[in-house]
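A short worksheet on the structure shown next.
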Amino acid sequence: MDLNTVEEVVRTADPAEWRDGDAWLAGGTVLFSYGGAAFGKEPLRRLLDLGSTDWTPLAVSAAGIELAATCTVAQLYAFPDSEAARDRAGDWPGLDLIRPCCDSFVASFKVWNMSTVGGNLCTSLPAGPMISLCAALDGTATILGPGGASRTLPVLDLVTGDGTNCLVPGELLRSVSLPASALSSRVAFRRLSLSHLGRSAVLLIGRLDADARLVLTITAATKRPVQLHLLTSPEAPADALAQALDAAIPDQLYHDDVHGLPAWRKDMTYRLAQEIRAELTAPAGSGPAPVSGDFWPPGAWPPAPYAESPTERA
Ligand SMILES: Cc1cc2nc3c(=O)[nH]c(=O)nc-3n(C[C@H](O)[C@H](O)[C@H](O)COP(=O)(O)OP(=O)(O)OC[C@H]3O[C@@H](n4cnc5c(N)ncnc54)[C@H](O)[C@@H]3O)c2cc1C
């Protein structure tokens, strides 16, 4: 779309240059699809284009992976085939999450090649697959502000709701660090969508940490990411997982849009959480087959308990 209020495009990644009416421009797949209106940023006067930064898209060290905000989904998708990733594959099972999370971004190659990790986090949609990946792997965001200021915070806390986050105007997401400790964990992935190649409606990622704790990250089903830390010892009560979900996610936190009713998202969250727990507490490779993609067979939607659609209610 034409952003016909924009008077200037400035190539900069310096928060000191930011002023009212500006927006950081990364891949532009949101800005040029929806304009600034969808994000309360109208009228946009200038775009601050991050395209001229020379930030390394993805750097690997013993400490983990540093993803530049400008790393594209396509660059991230290619990473598991790189030598650096193959060298670490045995030590970092968490790398197995990269491809399913990129695949959850159901879009054309044009969108994949332009859209960035940072743009996805800052757009802060419930179905943001880079949010799912970075939150599940305990990613820490580095945020730059005017005057050389810099702060860090967990990606889990960066996204606060449907399209909202805790960046203040002018702040720039610089990078996300994924720690080796989280990458070293066994992981399980589950995703559901109402339609073939549809947007994620429920996306859960489980991590079994070295201390035998199950770390469960819920995204897409909820307006913002939610993370649970659960004991997996045999003494843990059978309904501990359901109780933890009850306590962490009030009904109003389940997301409600055309991609799924809150009641369905809630039921599927409980179901997939149990599946993940079963998979990760069983010996590696012996768990149930992962469920991913479309849940309802053709013609089976809507099932009786969810017969009311958001459109019918409107
Ligand atoms: C066909 C299609 C399918 C899509 N599917 C999905 C989907 O399944 N899930 C989903 O979440 N999104 C989806 N999107 C929306 C969008 O493509 C993604 O959210 C994408 O990752 C945005 O990244 P971008 O680099 O293009 O962001 P941009 O459009 O450049 O920017 C988006 C917003 O983030 C801000 N921003 C960007 N980078 C930074 C930064 N480093 N620091 C601070 N602010 C920044 C911008 O100012 C702007 O407000 C889809 C879009 C299309 C066109």
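The values are calculated or read from the model by the stated rules, or taken from the named source; none is laboratory data. As the structure is a computational prediction, the values presented were derived from the model and not from experiment. In this analysis, Cβ positions are derived from the backbone assuming ideal geometry, glycine residues included, and neighbour counts consider all displayed protein chains. For the accessible areas, the whole protein counts, side chains as well, though only heavy atoms, and no ligand, DNA or RNA atoms are used. Shrake-Rupley method; radii C 1.70, N 1.55, O 1.52, S 1.80 Å.
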Could you rank the peptides 135-141, 232-238, 71-77 by their average count of other C-beta atoms within 10 Å per residue, with the highest value first? 135-141, 71-77, 232-238
In the neighborhood of PHE105, defined by Cβ-to-Cβ distances under 15 Å, what is the net charge if each Lys or Arg adds +1 and each Asp or Glu adds -1? +3
Regression test value, accessible area per residue of the chain, probe 1.4 Å, units Å², expected 46 Å²
In the neighbourhood of THR164 defined by beta carbon distances under 10 Å, the net charge of the other residues (Lys, Arg +1; Asp, Glu -1) is +1
Would any residue of region 1-24 have its amide N under 18 Å from a label point 7 Å out along Cα→Cβ of ASP49? List them or say none. 1-15, 17-19, 22-24
Subtracting the Cα-Cα distance from 0.36 nm times the residue separation, let me have the gained length for ALA210 to LEU197 in nm, one decimal. 1.2 nm
Report for region 1-139 the percent antiparallel among DSSP-assigned beta bridges with both residues inside it, nearest 5. 40 percent
From the square roots a ≥ b ≥ c of the eigenvalues of the alpha-carbon gyration tensor of region 183-281, which class results: rounded (a/c under 1.5), prolate (a/b over b/c), or oblate? prolate
